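Read the structure below first, then the notes.
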Amino acid sequence: TTVTYPADLFDKIKYHDGSPLSVADFVLYMITQFDTCDPKSAIYDESNVPNCDTFKSHFKGVKILSTDPLVIETYDDTVSLDAEVQVGNINGSQPGYSLTWFPTAYTGPLAWHTYTPAYLAESNNELAFSTNKSTTLGVEWTNFIAGPSLDNMKKYLDQAQAEDLIPYAPTLGKYITADDAKARYENIQKWYADHHHFWVGTGVYYIDEVNPVEGSVVAKRFEDFP
């Protein structure tokens with residue numbers, strides 16, 4: 001399957017904190033399909049290995065043919081032959097995986113700059129993306145909108161910003177400049193100060209308020225949604 005995105009994709013699509021979508025967000029999404037299943041990874045999760053094994057049994061490869069416009073070629077043996085749904089989610093794959101590779105998530109938002117604080121927290125065994133791992137380690141299950149996770153993520157956001165950290169730098173460093181990193185960390189810092197959570201996506205609504213005691217959230221229309 002070859003997916004060609006509109007030429008103005010990176011001009012039109014923004015995250016809720018104002019950060020423009022970038023190729024790095026797509027590549028991070030590719031990385032996250034495999035990283036938790038690698039014993040050498042800082043966020044290895046043994047409980048996720050069966051999902052990865054199933055995924056790898058039919059996934060054959062992905063190639064970025066162009067970044068301007070963005071064109072992504074994917075090979076997978078588990079596809080629907082109906083053109084209308086072929087680029088959607090693949091049955092039997094890891095949750096969230098799609099032939100479009102558009103950044104989405106089943107553990108949290110996959111803007112690279114909001115993923116990084118959670119990644120650092122898990123790397124230091126202070127949070128965990130899965131319930132199984134959080135139970136095994138006796139730490140909080142990563143929560144991007146409420147609870148003790150937020151203090152952990154804020155700590156590591158401050159660290160990442162101070163270091164101008166680019167996650168998975170050998171790969172993502174090809175797509176993220178120092179100026180990109182500086183701008184994104186500034187954006188999410190302001191967002192967190194205003195909204196007190198880290199759930200930043202690209203959708204038509206954004207979470208304005210989180211009220212854990214009342215069990216509610218307040219969503220508002222994202223004015224920059226195209």
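For segment 1-80, the calculated P(r) over all alpha carbon pairs, in 5 Å bins from 0 to the bin holding the longest distance, is 3, 13, 18, 19, 17, 15, 12, 3 percent.
What do you reckon, how do T1, T32 stack up by accessible area (1.4 Å probe), largest on top?
Ranked from most to least accessible, the order is T1, T32.
Considering just Cα atoms, how many Å³ per residue does the convex hull of segment 157-214 enclose? Walk me through the numbers before you get to the answer.
On the way: hull volume 6.6 nm³, N = 58.
Given the Cα convex hull of segment 157-214, per-residue volume reads 113 Å³.
Extending 7 Å from Cα along the Cβ direction at S41 and again at D158 yields two label points whose distance is 2.9 nm.
Could you check how much of the accessible area of segment 130-226 is carbon and sulfur, as a whole percent, using a 1.4 Å probe? All intermediate terms of the calculation are to be shown ahead of the outcome.
On the way: 2990 of 5660 Å².
Ligands and nucleic acids excluded, carbon and sulfur give 53 percent.
P(r) tail for the chain: Cα pairs beyond 33 Å make up 16% of the total.
Arrange the residues R184, R221 by how much accessible surface each exposes, largest first, with a 1.4 angstrom probe.
Details: R184 15, R221 140 Å².
Putting R184, R221 in descending order of accessible area: R221, R184.
Quick one: order I207, I188 from most to least accessible surface, probe 1.4 Å.
I207, I188
Comparing V49, F129, P212 along the charge dipole axis of the chain, the residue lying farthest to the positive side is V49, per the Cβ-charge model.
For the peptides 153-160, 212-219, 20-27, the ranking by mean Cβ contacts within 10 Å, running from highest to lowest, is 20-27, 153-160, 212-219. With 10 Å bins beginning at zero, the pair-distance distribution over Cα atoms of segment 124-226 amounts to 13, 35, 38, 13, 1 %. Of the whole protein surface, L137 contributes about 80 Å² of accessible area at a 1.4 Å probe radius.
The values are calculated or read from the model by the stated rules, or taken from the named source; none is laboratory data. Just so it is clear, the model here is predicted, and its values are computed rather than measured. We place every Cβ from the backbone using ideal geometry, glycine too, and count neighbours over all the protein chains shown. Surface areas here come from the heavy atoms of the whole protein model, side chains and all, with no ligands, DNA or RNA. Shrake-Rupley method; radii C 1.70, N 1.55, O 1.52, S 1.80 Å.
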